[in-house]
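Trainee: Here's a structure for you.
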Amino acid sequence: MRPVAGFRGPRGQPAHAAACALLIGLGLPSCARHTPPDKQAAAPALPEGTAKGAPEAPAPSRVAADVVLTVPSSADGTSAEGGVVKRDGTSTEGGVVKRDGTSTEGGVVKRDATSAEGGVVKLEQALHSESGETRLGWPPDKELKGVYAHVGMLGSATFSRLLDRIAKSGMNAVVVDAKDYSGWLTYPSSIPLAAQTRASSHAVVSSLPELVHSAHQLGIRVLLRVACFHDAWMASHRRDLAVHGVAEWLDPNNTAAQDYLLSIVDETLAAGVDEMQLDYVRYPTENIGQADFGLGRKKTTDVIAGFVQRVHEHTAAVGVPLSIDIFGVVAWQRSVDVFATGQDLVRLGALVEAISPMVYPSHFSDGFNGYATPGEHPEVVAFGTKQAIEVLKRSGSHAVVRPWIQAFPWHAPGYDTSYVGREIAQARAAEGVGWLAWNAGGYYAEVWAASSMDTKARCRHLDHAPDGTPAHGGVVNSDERGVVTRAGPETCRPTAVQ
């Protein structure tokens with residue numbers, strides 16, 4: 001695949017970039033307005049009307065969190081706790097569903113989230129984690145609105161302030177890293193391979209369950225992000241797990257590499273997180289001229305779908321939704337992009353509960369949809385969101401589309417609060433279910449303001465009962481396209497933070 005033509009990277013010398021990385025790692029926003037985040041990944045080049053990307057510059061990892069060990073099991077694989085899984089998705093021993101997908105009574109939990117006994121396991125239902133933390137799960141309308149908290153924010157007062165702002169701004173979710181782009185784990189892991197390579201030696205969060213609890217106290221869901229196959233740390237320490245001929249990438253087709261990632265998923269699910277989010281769940285697309293993927297008769301799409309299916313078996317067993325991040329360009333499902341990344345949206349949509357395309361306007365090629373500078377047009381968000389939804393509908397998938405929106409001014413002339421507000425409106429107009437905002441430096445002033453305005457607009461004129469539920473059906477103002485939306489009870493209920 002050819003590189004992105006005419007790519008315009010962040011301005012400045014390498015020393016400047018290093019200084020920015022250090023500031024971002026310390027939680028300072030100084031460079032956030034000048035350096036595109038690592039999540040602005042380099043998208044496959046497309047002819048007219050498709051997306052361009054930014055280089056995958058790693059955001060420094062400085063996060064850690066304790067995690068409660070898994071429930072001990074007997075030799076036959078049954079839970080040593082003897083917890084009977086009830087039809088409401090809880091067990092008599094605190095909601096532990098074994099990782100083999102069975103209860104001690106033999107009820108197999110199938111991938112469609114129903115058990116062989118007929119008891120539906122609702123993914124939005126509150127469940128207890130192994131740490132004792134009650135998961136909030138998804139709200140009834142499945143709408144999550146949140147921001148990404150970079151590793152420098154975790155384990156510090158900055159994170160508690162971030163949670164306060166999220167709650168005050170009418171949002172209900174935060175995305176935090178379990179393993180970031182560099183490969184460092186954000187918590188003190190007990191995984192043997194992580195211990196051997198000291199992958200969690202830079203852990204900065206003392207307790208992941210406590211971090212989750214602090215968010216839950218404010219009604220905020222915790223989406224735990226795992227940057228999967230891009231892992232410079234592990235790839236350099238265990239070359240046998242890496243792609244041959246490519247630096248910084250684990251081999252998606254390597255069973256041991258997949259097992260390592262699954263261990264991270266299992267270990268962190270125990271902390272009570274509300275959703276598991278997979279990022280970099282794909283093949284590398286740059287500097288792969290010497291790559292040997294060792295696929296044999298397999299296709300990249302077989303490997304990626306197979307891995308996501310394995311992860312989903314683990315998340316579904318404990319009633320936790322699984323989401324994946326994809327390039328905005330993947331929503332168009334051109335074969336060149338599908339097979340380069342391995343991200344076949346038709347297949348993946350059947351294996352997850354949510355898909356988040358990165359539809360940053362600044363990342364679409366000049367001339368897209370007739371726009372000389374797509375970054376000037378927040379409405380571009382609607383095109384990628386709608387495209388992903390249409391692909392999923394055709395495939396019969398019930399996964400929701402929750403787009404990542406642009407929360408940085410890189411190649412976005414006129415970026416301000418109204419710009420973010422229009423992105424939010426466009427995501428909703430395209431029938432996206434919620435949204436997530438990304439800024440590598442944690443600078444979200446425009447997002448706070450835009451989200452507050454959006455929440456007030458949706459809840460204005462609503463009469464609420466004492467418990468915070470709408471008394472008249474919840475019909476609210478239409479957005480700028482005239483699409484009438486409804487605010488659910490949780491959206492308009494006053495938070496504990498005022």
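The values are calculated or read from the model by the stated rules, or taken from the named source; none is laboratory data. Just so it is clear, the model here is predicted, and its values are computed rather than measured. We place every Cβ from the backbone using ideal geometry, glycine too, and count neighbours over all the protein chains shown. These area figures cover heavy atoms from the full protein model, side chains too; ligands, DNA and RNA do not enter into them. Shrake-Rupley method; radii C 1.70, N 1.55, O 1.52, S 1.80 Å.
Trainee: From the set of residues in region 412-424 that are of a type outside the set (D, E, K, R) and at pLDDT 95 or above, which is nearest to residue 142 (Cα to Cα)?
Mentor: 424
Trainee: I need every pair where a residue in region 236-250 that is on the phi < 0 side of the Ramachandran plot has its Cβ under 6 Å from the Cβ of a residue that is open to solvent by less than 70 Å² (accessible area, probe 1.4 Å) and β-branched (Val, Ile, Thr), sequence separation at least 6 or different chains.
Mentor: 237/197; 246/288; 249/243
Trainee: Could you tell me which residue of region 406-420 is nearest to residue 363 (Cα to Cα), considering only residues that are within 21 Å of the chain's Cα centre (by Cα) and free of Cβ contacts under 8 Å to residues at least 60 places away in the same chain?
Mentor: Out of the qualifying residues, it is 406.
Trainee: How many residues does region 180-200 contain that are in contact with a Phe, Trp or Tyr (Cβ under 8 Å, 6 or more places away or on another chain) and not aliphatic (A, V, I, L, M)?
Mentor: The number of residues fulfilling the criteria is 6.
Trainee: So is residue 390 surrounded by fewer than 24 Cβ atoms within 10 Å (Cβ to Cβ), assigned to a helix (DSSP H, G or I) and of a type in the set (Asp, Glu) or not?
Mentor: Yes: the conditions hold for residue 390.
Trainee: So in region 334-367, with the set limited to residues that are among the charged types (D, E, K, R) and part of a loop (DSSP other than H, G, I, E, B), which one is farthest from residue 432 (Cα to Cα)?
Mentor: Looking at the filtered set, the residue picked out is 366.
Trainee: Of the residues 315, 285, 301, only one is outside any helix (DSSP H, G or I) and among the polar types (S, T, N, Q); which?
Mentor: Every option except 285 fails the conditions.
Trainee: Continuing with this model, one more query. Quick one: which helices (runs of 4 or more DSSP H) sit completely within region 161-272 and have at least 3 residues that are over 30 Å from residue 459 (Cβ atoms) and of a type in the set (Ser, Thr, Tyr)?
Mentor: The qualifying helices (runs of 4 or more DSSP H) are 255-269.
Trainee: Residue 330 is checked against (1) surrounded by fewer than 23 Cβ atoms within 10 Å (Cβ to Cβ); (2) touching a residue at least 24 places away in the same chain (Cβ under 8 Å); (3) not basic (Lys, Arg) and fails just one. What number does that condition carry?
Mentor: Single failed check for residue 330: (1).
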